[in-house]
């Protein structure tokens, strides 16, 4: 189960979610695949193929992770995402 720290959670206009932050295993910036479910209270979400992502620590979004998210949105044509970070 990937664990993400210094994270933000964004909801797309199609209802799916993404977690953006740092992967604890690699300490590199990471954008999750689209999550079909996200539980803010449990601080976890699940992809269509069953991979569960867990939030760790406190929310944040530094310049590096923000730039990674901006590139992902541009590549995927995403606009109008809402920050739903718990």
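Every number here is computed from the coordinates shown, using simple stated rules; none is lab data. Just so we're clear, the structure is a prediction, and the values are computed from it rather than from any experiment. Here Cβ is always computed from backbone atoms with ideal geometry, including for glycine, and neighbour counts include all displayed protein chains.
In summary, residue 55 fulfils each of the numbered conditions (1) touching a residue at least 12 places away in the same chain (Cβ under 8 Å); (2) more than 12 Å from residue 7 (Cβ to Cβ) with the single exception of condition (2). Look at residue 19 and say whether it is in a strand (DSSP E or B), over 10 Å from the mean Cα position of the chain (by Cα) and surrounded by 12 or more Cβ atoms within 10 Å (Cβ to Cβ). Here the answer is no, as residue 19 does not meet what is asked. Within region 35-50, the only residue that satisfies the criterion of being free of Cβ contacts under 8 Å to residues at least 40 places away in the same chain, under 16 Å from residue 3 (Cβ atoms) and not in a strand (DSSP E or B) is 42.
Residues checked against (1) out of contact with any strand residue (DSSP E or B) (no Cβ under 9 Å at 6 or more places or on another chain); (2) on the phi < 0 side of the Ramachandran plot:
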{"site": "15", "(1), (2)": "no, no"}
{"site": "26", "(1), (2)": "yes, yes"}
{"site": "45", "(1), (2)": "no, yes"}
{"site": "48", "(1), (2)": "no, yes"}
{"site": "75", "(1), (2)": "yes, yes"}
{"site": "79", "(1), (2)": "yes, yes"}
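Each residue in region 51-86 was checked for being more than 11 Å from residue 9 (Cα to Cα), in a loop (DSSP other than H, G, I, E, B) and out of contact with any helix residue (DSSP H, G or I) (no Cβ under 9 Å at 6 or more places or on another chain), and 6 pass.
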